[in-house]
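These notes concern the structure reproduced below.
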Amino acid sequence: MAFKNIVFDIDGTLTDTEEAILSALKEAVEAETGNKVEYEDLKFSFGIPGAETVKILKCPDTEKALKLWEDNVIKYKDKITVFNGIEELLKKLKNSGYKLGVVTSKNRYELETQFEPYGLSDYFDIEVCSDDTLKHKPDGEPLKFYISKSGADYKETLYIGDSIYDMQCAKNAGVASALAVWGSKTKNIPADFYLEEPSDLLKILE
């Protein structure tokens with residue numbers, strides 16, 4: 001299968017943000033609800049928009065809780081790292097003529113503050129955020145929006161992510177999926193391809 005458009009999720013795929021994002025969320029939820037929450041119980045939040053997460057956690061003021069969470073992440077930014085092998089992979093893909101994109105559940109502000117500082121944005125032609133669509137992962141709309149904006153062919157597009165929401169988004173959009181096992185830490189999520197490490201993608205594209 002000849003893929004020409006490679007689209008990435010961000011959290012758990014390009015950058016290791018788990019500790020920073022969940023620590024910031026835990027602090028925000030406890031401040032807003034007065035209830036103690038366990039770190040492990042917050043992992044469902046990966047792959048869905050922040051506003052949806054704080055609603056599920058029953059924060060009384062969604063906007064206030066979301067802003068507090070976003071501000072808290074900045075406090076923990078020293079815990080965010082780019083996964084080993086990602087930048088090297090992106091360079092190779094770009095130099096080989098692939099069109100690269102991002103489809104993320106981050107909103108535009110989160111993209112600017114939590115992703116752009118790590119110097120990867122220049123590799124991507126198009127970045128789709130949660131602000132850009134009415135429906136979000138696992139719905140296929142974010143990837144369909146990317147397709148319409150980029151002019152890419154569905155059959156020539158591969159979406160790489162670490163969560164079940166990412167894989168379902170790809171399936172619902174009619175796009176091939178690859179699970180970033182280095183981020184998901186499991187293969188128990190249905191996907192078209194499984195990538196143990198970033199360089200495994202090059203084997204698929206050969």
Pull up all non-local amide H partners of residue 103: gap of 5 or more, or a different chain, and H-to-H distance under 5 Å with H placed in the peptide plane. 8, 9, 128
Can you give me the long-range amide H partners of residue 81? Hydrogens built in the peptide plane at 1.01 Å from N, cutoff under 5 Å, separation of 5 or more residues or another chain. 16
Roughly how many Å is it from the Cα centre of region 132-162 to that of region 175-192, as a whole number? 17
Looking at the chain, what % of its DSSP beta bridges pair antiparallel, to the nearest 5? 10
Note the angle between two axes, namely the Cα long axis of helix 86-95 and the longest principal axis of the Cα atoms of the chain, as a number of degrees from 0 to 90, rounded to the nearest 10. 40
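Ignoring ligands, DNA and RNA, what percent of the 1.4 Å accessible area of the chain is carbon and sulfur? Can you show the working numbers first?
On the way: 4750 of 9800 Å².
Carbon and sulfur: 48 percent of the exposed surface of the chain.
The values are calculated or read from the model by the stated rules, or taken from the named source; none is laboratory data. Keep in mind that this is a model prediction, so the values were computed, not measured. Areas reflect the complete protein model, heavy atoms only, side chains present, ligands, DNA and RNA absent. Shrake-Rupley method; radii C 1.70, N 1.55, O 1.52, S 1.80 Å.
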